[in-house]
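J.: Quick one: this structure, given as structure tokens, is what I'll be asking you about.
The values are calculated or read from the model by the stated rules, or taken from the named source; none is laboratory data. Here the structure is a predicted model, which is why all the values come from computation and not from measurement. Note that each Cβ is placed from the backbone with ideal geometry, even for glycine, and that neighbours are counted across all protein chains shown. SASA here: full protein model, heavy atoms, side chains in, ligands and nucleic acids out. Shrake-Rupley method; radii C 1.70, N 1.55, O 1.52, S 1.80 Å.
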Amino acid sequence: MSVRLCCLLWARPGAAGALAAYEDKVLALLGEHDGRLLQRARTDGAEDRPDEIQLIEFASQAGYDGFMADERRTALAAERDAAVARTDLYPVDLVEP
């Protein structure tokens, strides 16, 4: 059973570029865990909007769990904490337009 997630990310003040750079690194690991980035979008971050929005899919819960436990991802915790102020993660079902 696949796992689909909507991830909303808010940067720390002045750290939108650092947030994007961090996400570039960790999203590159998705394929090794049977995951894929379906969509990635950025906003201006104004009025409490998230700076980045992602739709991600994993082939299984085990793939998601493996991604979350990946030592390369967890080793970047300090970089993440310096760039990311808030993350909201929601399980979603995709709807055809």
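J.: If you take the residues in region 1-50 that are open to solvent by 70 Å² or more (accessible area, probe 1.4 Å) and assigned to a helix (DSSP H, G or I), which one is nearest to R73 (Cα to Cα)?
T.: Looking at residues that are open to solvent by 70 Å² or more (accessible area, probe 1.4 Å) and assigned to a helix (DSSP H, G or I), I get K25.
J.: Of the residues L89, L94, which single one is of a type outside the set (D, E, K, R) and in a loop (DSSP other than H, G, I, E, B)? Break it down stepwise before answering.
T.: Working: L89 fails: in a loop (DSSP other than H, G, I, E, B).
Of the residues listed, the single one that is of a type outside the set (D, E, K, R) and in a loop (DSSP other than H, G, I, E, B) is L94.
J.: Would you check if there is a residue in region 18-33 being β-branched (V, I, T) and free of Cβ contacts under 8 Å to residues at least 60 places away in the same chain? Before you say what the answer is, go through the steps one by one.
T.: Our first condition is that a residue be β-branched (V, I, T); within region 18-33, this holds for 26.
Keeping just the survivors that are free of Cβ contacts under 8 Å to residues at least 60 places away in the same chain gives 26.
Checked against the condition, which is being β-branched (V, I, T) and free of Cβ contacts under 8 Å to residues at least 60 places away in the same chain, region 18-33 yields at least one hit.
J.: If we keep just the residues of region 51-82 that are among the polar types (S, T, N, Q) and not in a helix (DSSP H, G or I), which is least open to solvent (accessible area, probe 1.4 Å)?
T.: In this case the residue turns out to be Q54.
J.: Okay, moving on. Can we say A85 is open to solvent by less than 70 Å² (accessible area, probe 1.4 Å) and touching a residue at least 12 places away in the same chain (Cβ under 8 Å)?
T.: Yes.
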